[in-house]
There are 2 protein chains.
Amino acid sequence: MAQLMECIPNISEGRRTEVIEAVANAVRSVPGVTLIDYSSDASHNRSVFTFLGEPDSVAEAAFRLARAAVEHIDLRVHQGEHPRMGAVDVIPFVPVRGMEMEECVTRSKALGKRLSDELDLPVFLYEESASAPHRKNLAAIRKGQFEGMAEKVLQAEWHPDFGGNRIHPSAGVVAVGARQPLIAFNINLDTPDVSIASRIAKIIRESSGGLKAVKALGVMLEERNLAQVSINMCDFHQTPLYRVLELVRFEAARYGVHVVGTEIIGLSPMEALIDSASYYLQLEAFDQKRQVLENQLL
Amino acid sequence: MAQLMECIPNISEGRRTEVIEAVANAVRSVPGVTLIDYSSDASHNRSVFTFLGEPDSVAEAAFRLARAAVEHIDLRVHQGEHPRMGAVDVIPFVPVRGMEMEECVTRSKALGKRLSDELDLPVFLYEESASAPHRKNLAAIRKGQFEGMAEKVLQAEWHPDFGGNRIHPSAGVVAVGARQPLIAFNINLDTPDVSIASRIAKIIRESSGGLKAVKALGVMLEERNLAQVSINMCDFHQTPLYRVLELVRFEAARYGVHVVGTEIIGLSPMEALIDSASYYLQLEAFDQKRQVLENQLL
């Protein structure tokens, strides 16, 4: 079973099609890498790319993407609603199959060094790759944005991990790191009372004492006239899908409210879904690596 | 997403290691084919091979396996407990990914013709490939075994589909066909009373009026002192895993008996497991092809 790594970089360009295409082509230029998706938001002036493949190829594609972004994007003239600090803003590596997190961390550090050496780009390591706890969170690193970054990097606690205490004049800085796959999982309730969804969201999310690696908000689905618990599952190994669903179901019962359905937005790794199948089917000692047919391929 | 086809042929040799290895090497000789597993039973004097890959390669590997079996195995001197009719006894093709059943049927017929043309082997098409309803079931075709086959093929209803109304002198005949993947799914009950498992098995199996494509038996697990409903799921598209489990749970409740756990023996296609995850997680409109990360690979 070949190793699989995913990469989901964000660049600070969501308007100029020719630049977005040039960056997409940089990814496509690496054999063995599958560019699954890329999408742009004009008001954010930002694009996100998703690609997948064997780790060496994915790391090479990430480098070429960064090189194309640095070449075409000048943060000094960039405007958009989304916070940003670099032409290529963030590059996460995600282990998908046959890889430990530690290997993604090692590869993210190697990429960080290369971005500094070859593109003269200062690099912050974040998430699992962070060099200190206060540097794990991307929002904390990005605070101050491109415009404030030249000053921020002079502070001892915000020295970049590679590339010196300075910014690239046009391309700013970049965050590179390893993290678990993120699953966007929403649970719909048979009530139009959004305050119930908000109370449940507060119970389940880690930040208010709930489940590890879970972010959640109550939102209203106007078109269906029902409330939804909108969830980001940031580490399905720590908190699996079924546990979140059953806890939501359990808490909703207090209000006589039921789960009418759920949705996964975008992609989910096979493992997260089979893990929940395994729970509900009460499978004893099921070994995904050895017993899922598709995992037997070389 | 590349197409994937599985093949699980049985040969009438489970004792002579050098023959089993020669047959395994015939499969391995085709690039792009992954020989997942092969196992032999000496008392049955029979071996089963499991391999997987892109359809053209799998069909070629199946041909080479048959050629090696015909070369090395002489049914006139074969003894074993398992019923058999050929040196290579049966060759099923199974659609795994990106394939319809119809394409497997077409490919099984092409292989049957080739086995007849190039190896002089009479061929019965069975299961989804069968040329008449009474020829779908392998056991019905095999009845009479090698020793009775020369006479059986003279009967109009048992003329082979390819190769004439005769048998190969040493290699007999072979059944070739397409079928759905089979999942061996066992459900353990918290009772040592095997008659309860047997009664539930009778309720769920198709042959006594239960669920489509389900075979089931009650058996005793002596080492755990509990009864088990032992199930073959012959088409998880028609009857999914969760439906069998929940029906067994429901019927067991009549006796105050509970499901303590389940097991999948051997391999399961990813799709069958994600299908059950999707049911229990109450996913609305989840599209495996588009939303499972691994399915995005070329």
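Applying the criteria of a DSSP loop state and at most 16 other Cβ atoms within 10 Å to the GluC sites (Glu not before Pro) of region A:205-298 yields A:Glu284.
When the alpha carbon gyration tensor of region B:1-53 is reduced to an equivalent ellipsoid, its three semi-axes come out at 23, 12, 6 angstrom, largest first. Considering all different alpha carbon pairs of the protein assembly as shown, the Kirkwood hydrodynamic radius works out to 27.4 Å.
Largest accessible area first, the listed residues A:Asp89, B:Asp37 line up as B:Asp37, A:Asp89 when surface is computed with a 1.4 Å probe on the assembled protein chains. Considering only alpha-carbon pairs that sit under 8 angstrom and 6 or more positions apart, the relative contact order computed for chain B is 15 percent. The alpha carbons of region A:56-95 stretch over 34, 21, 10 Å along the principal axes, in descending order.
Excluding A:Pro240 itself, calculate the net charge of residues whose Cβ lies under 13 Å from the Cβ of A:Pro240, where each Lys or Arg counts +1 and each Asp or Glu counts -1. For residues surrounding A:Pro240, the net value is -2. Normalised Debye scattering of region A:80-164 at q = 0.16 Å⁻¹ gives log10 I(q)/I(0) of -0.63, counting only Cα atoms as equal scatterers and leaving out solvent. Can you tell me how region A:27-77 classifies by the Cα gyration tensor, rounded, prolate or oblate, using a/c under 1.5 as the rounded cut? Taking the square roots of the gyration eigenvalues as a ≥ b ≥ c, region A:27-77 is oblate. Subtracting the Cα-Cα distance of A:Gln238 and A:Glu206 from 0.36 nm times their residue separation leaves 10.4 nm of extension gain. The loop-placed GluC sites (Glu not before Pro) in region B:50-147, going by DSSP, that have at most 15 neighbouring Cβ atoms within 10 Å of their Cβ come out as B:Glu81, B:Glu100. Computed on the Cα trace of region A:147-208, the radius of gyration divided by the Kirkwood hydrodynamic radius gives Rg/Rh = 1.26. Dividing the Cα radius of gyration of region B:76-234 by its Kirkwood radius returns 1.07 for Rg/Rh. Note on region B:33-108: Cα-Cα pairs beyond 15 Å make up 60% of the total pair count.
Candidate cross-link partners of A:Lys215 among the lysines, defined by an alpha-carbon separation under 23 Å and a same-chain spacing of 8 or more, comprise A:Lys136, A:Lys143, A:Lys202. Using the Karplus relation 6.51 cos²θ - 1.76 cosθ + 1.60 with θ = phi - 60°, the per-residue 3J(HN,Hα) values for region A:217-225 come to 9, x, 9, 9, 9, 4, 5, 10, 6 Hz, with x marking Gly and Pro.
Comparing chain B with the 2.2 N^0.38 Å rule of thumb, its C-alpha radius of gyration ratio is 1.07 (two decimals).
Taking a label point 7 Å from the Cα of B:Asp117 along the Cα→Cβ vector, which residues of region B:159-178 have an amide N closer than 13 Å to it? Output list for this probe position: B:163. Taking only the C-alpha atoms of region B:131-183, the Rg (one decimal) and the largest Cα-Cα distance, Dmax (whole number), read 11.6, 36 Å. For the pair B:Gln3 and B:Glu151 in one chain, pulling the backbone fully straight at 0.36 nm per residue adds 49.2 nm over the alpha carbon distance.
Applying a DSSP loop filter and a limit of 16 other Cβ atoms within 10 Å to the trypsin sites (Lys or Arg not before Pro) in region A:147-199 leaves A:Arg166. The sum of -39500 (n - 2.57) across all DSSP H runs of n ≥ 4, divided by the residue count of chain A, sets its helix-only mean residue ellipticity at 222 nm to -10500 deg cm²/dmol.
Label positions at A:Glu102 and B:Asp37, each projected 7 Å from the Cα along the C-beta direction, are separated by 3.0 nm. Relative to the 2.2 N^0.38 Å rule of thumb, region A:1-139 has a C-alpha radius of gyration ratio of 1.00. Dividing the convex hull volume of the alpha-carbon atoms in region B:200-298 by its residue count gives 130 Å³ per residue. Inter-chain neighbour count for A:282-289: the average number of beta-carbon atoms from partner chains within 10 Å of each residue's beta-carbon is 5. The distance separating the Cα centre of region B:209-257 from that of region A:201-229 comes to 37 Å.
The values are calculated or read from the model by the stated rules, or taken from the named source; none is laboratory data. The structure presented is a predicted model; accordingly, all values stated were derived computationally and were not measured. Cβ: placed from backbone, ideal geometry, glycine included. Neighbour counts: every protein chain shown. Ligands, DNA and RNA are excluded from the accessible area calculation, which covers all protein heavy atoms including side chains. Shrake-Rupley method; radii C 1.70, N 1.55, O 1.52, S 1.80 Å.
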